[in-house]
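Novice: Below is a structure I'd like to ask you about.
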Amino acid sequence: MIQYTRPMDSADTREAKHLSELARILAKESDSELIEAFLRCLLTPAEAGHIASRWALVKALNDHVPQREIAKTLGVSLCKITRGSRELKKPNSAFRRILTPPKGPPGATCRGGPACGFKAPDGPLG
């Protein structure tokens, strides 16, 4: 095992290597319950909450929910919402590609879940 002397960051090629490997592994797995269990093992409860909150805000932005309503409903900062909005507006946005319904029969669902609709949670997410 390689000994790391400091945490990885986005400028670190090790981070890119490990994220790429993780993405390939998750892309091959079709069992959503296993993926969720894996993520809950990998992430702390706080990290899982932050990721869930970010995903909820991206879906809400995609559904054209006003940013201030998203902030109030999800308990997230306008800075995080603005970042999500900028990512959605990029020409080849990964968010947009994940949220876009696949071409197929009428009633097909987006890759993010049934209709990728925003449903306000019972309380703030993380």
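The values are calculated or read from the model by the stated rules, or taken from the named source; none is laboratory data. Quantities reported herein were computed from a predicted structural model and do not represent experimental measurements. FYI the Cβ positions are ideal-geometry reconstructions off the backbone, even for glycines, and counts take in every protein chain you see.
Novice: Among A46, A56, which is touching a residue at least 24 places away in the same chain (Cβ under 8 Å), exposed (fewer than 10 other Cβ atoms within 10 Å of the Cβ), under 15 Å from the mean Cα position of the chain (by Cα) and part of a helix (DSSP H, G or I)?
Specialist: Unique residue meeting the criteria: A46.
Novice: List the number of the failed condition for L22; all other conditions in (1) surrounded by 12 or more Cβ atoms within 10 Å (Cβ to Cβ); (2) assigned by TED's automatic domain parsing to the domain that holds P101 hold.
Specialist: Single failed check for L22: (2).
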